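These notes concern the structure reproduced below.
The values are calculated or read from the model by the stated rules, or taken from the named source; none is laboratory data. If you're wondering where the values come from, they're calculated on a predicted model, not measured in any experiment. Note: ideal-geometry Cβ built from the backbone for every residue, glycine included; neighbour counts use all protein chains shown. For accessibility, only protein heavy atoms count, side chains too; no ligands or nucleic acids. Shrake-Rupley method; radii C 1.70, N 1.55, O 1.52, S 1.80 Å.
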Amino acid sequence: MEDKILEMKSLIDEIEKHNYNYYTMDSPTISDAQYDALYDRLVMLEKEAGIVLPDSPTQRVGGIIVEKFEKHRHLSKLLSLDKCQSYEELRSWDARIRKLLDVYNSETGSGLEYPDYILEYKFDGLTINLTYEDGKLVQAATRGNGEVGEGILPQAKTIRNIPLSIPYRGKVEVQGEGLMPLSSFEEYNRTADEPLKNARNGVAGALRNLDPGVTSRRNLVAYFYNVNYIEGREFSSQLEMLDFLRENRLPVNDYTKSLSSVEDVIAEIEKVKSEMSSLDILTDGMVIKVDDVFTRNVLGFTNKFPRWAVAYKFEAEEYTTTLHSIDWNVGRSGKVTPTANLEPVDINGITVKRATLNNWDDIQRKRVKIGSRVWIRRSNDVIPEIMGAVDDGLEHPEIEKPTHCPACHSELVQDGVHIFCPNSLSCKPQLVSRLVHFASRDAMNIEGFSEKTAEQLFESLNLKEISQIYELEYDDLVKLERFGPKKAENLLKSIEKSKQVELAAFIYSLGIPNVGQKTARELATKFENLEGVMMATEEELVGIQDIGSIVAGSVMEFFHDETIHESIEKLLSEGISIVYSRPDSEESIFTGKTVVLTGTLETMGRSELKNIIEASSGKVSGSVSKKTDFVIVGESPGSKFEKARELGIRVIEEDELKEILKSSLGE
Ligand SMILES: NC(=O)c1ccc[n+]([C@@H]2O[C@H](COP(=O)([O-])OP(=O)(O)OC[C@H]3O[C@@H](n4cnc5c(N)ncnc54)[C@H](O)[C@@H]3O)[C@@H](O)[C@H]2O)c1
Ligand SMILES: [Zn+2]
């Protein structure tokens, strides 16, 4: 008995910790199946011991409500659902209901019939409870702890199929589920700088985000399935309730099935199960509800679940396998990250041999060791993630934290939770992936520049700096292995072609940390020229829709670096010319004029200024003559400055230049 209570206490602590991670932080650290195993064990112990400790999670719904949201007390408690995972359990649930009704009938002398069941999808998203008053949407809330939820009205309003007003005038609360369609999820991840792990995290993170702009960009949908509270109206069945929802233009999923026995329910589940994977929304099972409301009232509730409904959960798409070893790899930014080598396991026809772990802290937190059995979750075709280790009671060797770079053996440095190889100048994987990124299709688009090519250039031609790509010569290339005259020529041609580049692609090619293609495009649209991006202030940056302080910080820090300025300058002097696609930015005071540059400008390189002037059809000339219209003067100018004064040519100093550029580029 003592032992049981001790185990219950430790399970309660552990489950509470997972509840917090799951419901409050939206970032579970173990799989649902693992969680359910802990939970079921606790339920079993409570049954065996006949004791329920006062703080047991089996007596409560949901998680902790965070302060940052306004609180909303639900007009009627939002419950969880009892669950079953096999048809056997489903049959006993049905038998229990029939027994309860038999007892009711014999005690009251009524002739209540065995119920019809309504089958619905079990949507796997985040519960939303909407409050309408006088036909107006006045609140939206999460389930929270069942009694009090978090007010997320501005966030919910971004969901396009939620009506802001309904015909029904009485006070009403309707319950449904917010979901991120898989198509939105894929679309989002295609361009996101920080991809979402799965659609469920996508919706929870979006609705519980203080910035409704974030919610809006995730393109969520919602489906409603319950009238939780209503004034001035009663329903006699679930079907009638669903009709009410539809009449009030609340989105109700097309799938609802009415069935008259548990065997019919099972047959129907078998049928829909096979079609589930083609749905655009996540479902993790089916919900079976007694249709008749009077019968529901007879059956009643436990403190956590209605007795008249149950969730049939599909087997989770989670698998276990053995972790053999960890590879540490160096990325473009020098970040050293772990990849696990696994005993191959088949997941829906795909053989999985490798999985990610985020960093060393993540390995510790998940208690993953060499030889552990680990849970992996397939997250929409990307390389699967390790969710945690199975506690098998065995001692396994720890995974060691690397101290030296696996590629160049430099001593590693820790920055926050990540470790980095500081040798950015000659650490091969860093350079190779930087070259590959630079040449990639969405960046400079140098056709035929593969990873293999980058490695060859690094190894055989000692190519260490990106600008050296533009100094490659036919004679160098042709003698490389796997290269012949044709291939050498083609590569040179595509290198030449890449010199005309759009601003967004050029920004992307620089590989600024946290700046993906999408952010690069936004920067290009906002600033319209490279100089603007390089000089951007924090205020200007965070003013852009999708840019927060982290990305803004990355951009500023990147351009703060003198060596970055030099390498950009080098690229431009190799003949890279940025195509400014905004047509009206071409008209400026330089249009049709001849300009001479002298001295050093603080804020931009010469080649860049030359590009800007040429983009507005101006000409840059090397010497001052009577034909010169302007002389732009920087720090320590040469004799051209004097000549300009002699000839009375208009001199533009840097401060004035900035003003001109700002106004001519339509700031
Ligand atoms: N991995 C973890 O750390 C962790 C932690 C806590 C919870 N969990 C997971 O969450 C589960 C428990 O969560 P829960 O209490 O939210 O229960 P649940 O998600 O299993 O089911 C109840 C909820 O289903 C929703 N639902 C979807 N479709 C519905 C429909 N058609 N009709 C009625 N309701 C519908 C409702 O919002 C309801 O509140 C656990 O079994 C576990 O899988 C995981
Ligand atoms: Zn290194």
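What residues have an amide H closer than 5 Å to that of Leu81, excluding those fewer than 5 places away on the same chain, when H is modeled at 1.01 Å from N in the peptide plane? Those qualifying (amide H under 5 Å, at least 5 residues apart or on another chain) number zero. Nearest 10 degrees, 0 to 90: what angle lies between the long axis of helix 549-560 and the longest principal axis of the chain (Cα atoms)? Orientation of helix 549-560: about 20 degrees from the principal axis. Here, the chain is characterised by an Rg to Rh ratio of 1.08, where Rg is the alpha-carbon radius of gyration and Rh the Kirkwood radius. If the cut-off is a Cα-Cα distance under 18 Å, which lysines reach Lys171, setting aside same-chain residues fewer than 8 apart in sequence? Output for Lys171: Lys77, Lys136. Sorted on the mean count of surrounding Cβ atoms within 10 Å across their residues, most packed first, peptides 49-60, 151-162 read 151-162, 49-60. Amide H contacts of Met387 (H built 1.01 Å from N, in plane; Pro and chain starts excluded): Trp375, Ile376, Arg377 sit under 5 Å, all sequence-distant by 5 or more or on other chains. Sort segment 2-59 into rounded, prolate or oblate with this rule: let a ≥ b ≥ c be the square roots of the eigenvalues of the Cα gyration tensor; rounded if a/c is under 1.5, and if a/c is not under 1.5, prolate when a/b is larger than b/c, oblate otherwise. Since a/c reaches 1.5 and a/b is larger than b/c, the shape of segment 2-59 is classed as prolate. For the chain, the relative contact order works out to 9 percent when only alpha carbon pairs closer than 8 Å and six or more residues apart are counted.
Distant-in-sequence amide contacts of Ser410, defined by a placed amide H-H separation under 5 Å and a gap of 5 or more residues or a different chain, comprise Cys405. If you take all other residues with their beta carbon under 14 Å from the beta carbon of Val413, and give Lys and Arg +1 and Asp and Glu -1, the sum is 0.
Backbone N atoms of segment 281-298 closer than 16 Å to the 7 Å Cα→Cβ label point of Lys273 belong to residues 283-288. Only protein heavy atoms count here; on that basis, with a 1.4 Å probe, Lys313 has an accessible area of about 40 Å².
Label-to-label distance for Asp82 and Lys353 is 4.8 nm, based on points extended 7 Å past Cα in the beta-carbon direction. Computed extension length for Ser577-Thr591: 3.3 nm, one decimal, from 0.36 nm per residue of separation with the Cα-Cα distance subtracted. Surface composition of the chain: carbon plus sulfur atoms hold 49% of the accessible area, using a 1.4 angstrom probe and ignoring ligands, DNA and RNA.
If R0 equals 35 Å, the separation of the Cβ atoms of Ala49 and Glu231 corresponds to a calculated FRET efficiency of about 0.20. Relative contact order for segment 462-603: 27 percent, from Cα pairs under 8 Å spaced at least 6 residues apart, divided by residue count.
In this structure the chain gives 49 Å² per residue of accessible area when probed at 1.4 Å with all protein chains present.
Using a simple spin-label model with pseudo-atoms 7 Å out from Cα toward Cβ, Thr191 and Glu113 lie 5.5 nm apart.
The packing ranking, built from the mean of other Cβ atoms within 10 Å per residue, places the peptides 323-336, 4-17 in the order 323-336, 4-17, highest first. So, counting K/R as plus one and D/E as minus one, what does the shell of residues with Cβ under 14 Å around Gln59 add up to? Charge balance near Gln59 sits at -1.
Going down the table (Lys452/Lys658; Lys99/Lys271; Lys71/Lys122), which pairs top 32 Å between alpha carbons? Lys452/Lys658, as the Cα separations exceed 32 Å there. Rounded to the nearest 10 degrees, the inclination of helix 428-439 to the longest alpha-carbon principal axis of the chain is 80 degrees. Can you tell which of Val298, Ala488, Ser277 lies farthest toward the positive end of the dipole of the chain, using +1 and -1 charges on the Cβ of basic and acidic side chains (Lys, Arg; Asp, Glu)? About the Cα centre, the residue reaching furthest to the positive side is Ala488. The count of lysine pairs in segment 483-533 that are at least 8 places apart or cross chains, and whose C-alpha atoms lie under 22 Å apart, stands at 6. Where only DSSP H runs of four or more residues are counted, the chain gives -11000 deg cm²/dmol as its mean residue ellipticity at 222 nm, each run worth -39500 (n - 2.57).
Rounded to the nearest 10 degrees, the inclination of helix 517-527 to the longest alpha-carbon principal axis of the chain is 60 degrees. Relative contact order of segment 577-638, taken over Cα pairs closer than 8 Å and 6 or more residues apart, is 47 percent.
Within the same chain, aspartates and glutamates fewer than 8 places from Lys593 are excluded, and of the rest, those with a Cα less than 19 Å from its Cα are Asp584, Glu608, Glu614, Asp629, Glu653, Glu654, Glu656, Glu659.
Packing, taken as the mean count of other beta carbons within 10 Å per residue, orders the peptides 178-184, 276-282 from highest to lowest as 178-184, 276-282.
Would you list which lysines come within 22 Å of Lys4, measuring only between C-alpha atoms, while excluding same-chain residues fewer than 8 positions from it? Within the straight-line cut-off, Lys4 pairs with Lys17, Lys47.
Taking the Cβ-Cβ separation of Arg60 and Glu451 as r and a Förster radius of 56 Å, what is the calculated FRET efficiency to the nearest 0.05? Rounded to the nearest 0.05, the efficiency is 0.60. When the Cα gyration tensor is reduced to axis lengths a ≥ b ≥ c, the ratio a/c is 1.5 or higher for segment 492-576, and with a/b above b/c it is classed as prolate.
Residues Arg41, Arg645, ordered by accessible area of protein heavy atoms at a 1.4 angstrom probe radius and largest first, appear as Arg645, Arg41. Assuming charge only on the beta carbon of Lys and Arg (+1) and of Asp and Glu (-1), the dipole of segment 2-59 about its Cα centre is about 40 debye to the nearest 20.
Ranked by solvent-accessible area (1.4 Å probe, protein heavy atoms only, all chains present), the residues Arg208, Arg367 order from largest to smallest as Arg367, Arg208.
Summing Cβ point charges (Lys, Arg +1; Asp, Glu -1) relative to the Cα centre of the chain gives a dipole of roughly 800 debye. With pairing defined as another cysteine C-beta under 4.7 Å, the cysteines of the chain that fail it are Cys84.
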